[in-house]
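Colleague: Starting off with a structure, shown below.
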Amino acid sequence: MAGGPAGRGGYDGEGFRSEGGAPATDRRMARGTRTRELLMSAMIDLIDAGHPTPTAGRVAARADVAVRTIFHHFDGLDDLYCQAVDRHVTRVRSSIAADPPQGPLEVRIAIVVRQRRRLFEAIGPVLQASYARAPAIPALSEVLDGHRWALLQQLARSLAPELDACGPLAPAMLTTAGAVSGWSQWNTLRFEAGHSAPQAERTMVFLVAWVVERLPGHPVDVSRSGVGPDPTRVSD
């Protein structure tokens with residue numbers, strides 16, 4: 001017979017060996033996907049553990065695969081690095097910043113900044129390592145540009161009423177608010193100035209509020225945000 005019932009150790013109607021009813025090609029694809037996931041997770045784990053530029057040998061050892069496996073599934077170590085960073089940053093960002101916050105302006109600002117604190121604390125080591133490497137890896141620069149753009153769009157949705165009301169000043173206001181609430185600002189506050197996460201969060205709230213207050217008709221009462229009046233006096 002040319003074909004037979006597809007079962008364990010048999011063949012399906014297309015001539016592919018199957019197991020448990022799954023075509024062999026599907027199983028190979030599933031194994032390949034799992035291997036890629038293992039390699040990307042290994043890359044991120046090593047960066048988080050303090051190895052900003054993991055070697056192929058270290059990544060392979062972490063994933064418990066042969067070094068050649070990396071080059072079978074990726075176009076080199078830089079390609080693995082870029083895809084791992086993109087996957088990690090996108091997953092964490094999507095889990096933290098979903099729908100735009102509602103309520104008074106000061107409350108929305110506080111919520112956005114709290115989301116960014118959680119995001120940047122979670123992916124800080126990966127972003128630090130990635131920005132350091134980006135000048136030499138154009139594809140990584142594109143990944144980081146996409147991340148910045150996604151955060152800017154989230155901010156635009158959160159401040160939509162104020163942006164709509166300020167007419168031609170909207171692009172400048174959004175760009176400035178994005179700059180004072182982005183990774184570079186958080187990195188400066190947390191890791192260069194040495195502030196705690198609560199201190200950095202409070203300062204960032206004040207910075208975003210200051211930007212919005214420059215617009216006529218948009219005073220911001222930061223005391224209503226639940227953050228407090230003094231950015232240097234913060235407790236967790």
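The values are calculated or read from the model by the stated rules, or taken from the named source; none is laboratory data. The structure presented is a predicted model; accordingly, all values stated were derived computationally and were not measured. Don't worry about glycine lacking a Cβ; one is built from the backbone with ideal geometry, like all the others, and counts go over all protein chains shown.
Colleague: Scan region 133-144 and report the pairs whose first residue is not assigned by TED's automatic domain parsing to the domain that holds His51 and whose second residue is surrounded by fewer than 18 Cβ atoms within 10 Å (Cβ to Cβ) and not in a helix (DSSP H, G or I), with Cβ atoms within less than 8 Å and a gap of 6+ or a chain change.
Modeller: Correct list of pairs: Arg133/Pro52; Arg133/Thr53.
Colleague: Working carefully through the options Asp221, Asp236, find the one that is under 24 Å from the mean Cα position of the chain (by Cα) and modelled with pLDDT under 85.
Modeller: Asp236
Colleague: Which residues, counting only those in region 55-77, are without any contact (Cβ under 8 Å) to a residue 24 or more places away in the chain and not hydrophobic (A, V, I, L, M, F, W, C)?
Modeller: Thr55, Gly57, Arg58, Arg62, Arg68, His72, Asp75, Gly76
Colleague: Could you say whether any residue in region 71-87 is in a helix (DSSP H, G or I), crowded, with 19+ Cβ neighbours inside 10 Å and among the basic types (Lys, Arg)?
Modeller: no
Colleague: Also, quick follow-up: Would you pick out the residues in region 171-198 that are at pLDDT 95 or above and aromatic (Phe, Trp, Tyr)?
Modeller: Trp183, Trp186
Colleague: Filter region 42-54 down to the residues that are within 18 Å of the chain's Cα centre (by Cα) and free of Cβ contacts under 8 Å to residues at least 40 places away in the same chain, then identify the one that is farthest from Val126 (Cα to Cα).
Modeller: Residue satisfying both the conditions and the ranking: Ala42.
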